[in-house]
Amino acid sequence: MVMLCYVLAALCLVYCVGVVATKAAGTKFYLIWLAGTALFGLLGFFVQKGLWMRLPIGLRAGIGVLSGVGIACLCGLLILIGSTFSAKGERQLSYIIVLGAQMKQSGPSVVLEKRLCRAYTYLTENPETLCVLSGGQGSNEPVSEAQGMYDYLAGRGIEKERIIREDQSVNTVQNLKYSAEFLDREQDSVCIVSNNFHMFRARRLAEKLGYQKVCGLAAKGDPVLMANNMLREFFGVMKDFIYGNL
């Protein structure tokens, strides 16, 4: 038990350093791996020094039950999230909605560029489909995500008249809510474009918001960041469930 805790603490620390080294993370969520390092390290210390067994048996049992429930929820949701990794969309839809992610000074972040590459391929293969680019401007972004995506797609030859910019949203719920103002969510066929780890939540949010003919088109995620993004998505699903968005 002691060795397992210390190994898990070391793995969390190594992974956190690895994420930082890539310079690809768009948020500070990777700091949760430092919290994991501290948690597992402290637990290992408690067990090694015999402090764990000094705790009241009721407290130990409660911690064990909560840990078990948490692990079960994590595994269950990760399976659901993974079930949409291969979403391929449908042909000749009315619209695709590309969900925004961080814009950097150098251009789209890794995850956003993967979404845009997927959208570009779809738009070239389906010339009648219109595109809504959804994402506002964060405090650490040089332009709105919608504008950055527009520059990317227009620069690769997608006709400007096919591109609609929604530049006020700051989260996925708003992405889909504000994008709906440019289309008929009951009649138009719509495809949500996002990374594979984000597809389950995005699709469910769209359905909750009244999109009647909706499907997903999954872009790949960054392999190094996948564990970080999957864990972040777990908390995103939990948050939206608690807030009644799912």
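The values are calculated or read from the model by the stated rules, or taken from the named source; none is laboratory data. It should be emphasised that the depicted structure is a prediction, and the values quoted were computed from it without experimental measurement. Cβ placement follows ideal geometry from the backbone for every residue including glycine, while neighbour counts extend to all protein chains displayed. For accessibility, only protein heavy atoms count, side chains too; no ligands or nucleic acids. Shrake-Rupley method; radii C 1.70, N 1.55, O 1.52, S 1.80 Å.
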Problem set entry | Coil-residue GluC sites (Glu not before Pro) of region 99-186, DSSP, other Cβ within 10 Å capped at 16 | GLU128, GLU159, GLU186
Exercise. Taking a 26 Å limit on the Cα-Cα distance, which of the listed pairs LYS28/LYS160; LYS28/LYS239; LYS114/LYS160; LYS88/LYS213 fall beyond it?
Worked result: LYS28/LYS160
Exercise. Radius of gyration and Dmax for the chain's Cα atoms, expressed in Å?
Worked result: 20.8, 69
Problem set entry | Sum of side-chain charges, ALA218 neighbourhood, beta-carbon under 9 Å (Lys, Arg +1; Asp, Glu -1) | +3
For this session: Could you pull out the trypsin sites (Lys or Arg not before Pro) across region 92-194 that fall in loop regions by DSSP (anything but H, G, I, E, B) with no more than 15 other Cβ atoms inside 10 Å?
Result: ARG156
Exercise. Could you give me the ³J(HN,Hα) list for region 98-108, computed from phi with Karplus coefficients 6.51, -1.76, 1.60 and θ = phi - 60°, whole Hz, x at Gly and Pro?
Worked result: 9, 7, x, 8, 4, 9, 9, 4, 8, x, x
Exercise. Which of these, CYS75, CYS117, CYS12, has the largest mean-square fluctuation under a Gaussian network model of the chain (Cα springs below 10 Å)?
Worked result: CYS75
For this session: Using amide H atoms built 1.01 Å from N in the peptide plane, name the residues 5+ places from VAL132, or on other chains, whose amide H lies under 5 Å from its own.
Result: ILE96, ILE97, VAL98, ILE164
Exercise. Of GLN105, GLN147, GLN168, which is the most mobile in a GNM of the chain whose springs link Cα atoms less than 10 angstrom apart?
Worked result: GLN105
Seminar exercise, completed: In deg cm²/dmol, rounded to the nearest 500, the helical mean residue ellipticity at 222 nm of the chain, built from -39500 (n - 2.57) for every DSSP H run of length 4 or more, is -17500 deg cm²/dmol
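So with the 1.4 Å probe, I'd like the accessible area per residue for the chain, rounded to whole Å².
Per residue, the chain has 52 Å² of solvent-accessible surface.
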Problem set entry | Sparse-neighbourhood loop sites, trypsin sites (Lys or Arg not before Pro) in region 1-102 - DSSP loop, at most 13 other Cβ within 10 angstrom | LYS23, LYS28, LYS49, ARG91
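Counting only protein heavy atoms and using a 1.4 Å probe, what share of the accessible area of the chain belongs to carbon plus sulfur, as a whole percent?
Numbers: 7930 of 12880 Å².
Its accessible area is 62 percent carbon and sulfur atoms.
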Exercise. Which aspartates and glutamates have a Cα lying under 13 Å from the Cα of LYS23, excluding residues fewer than 8 positions away in the same chain?
Worked result: ASP222
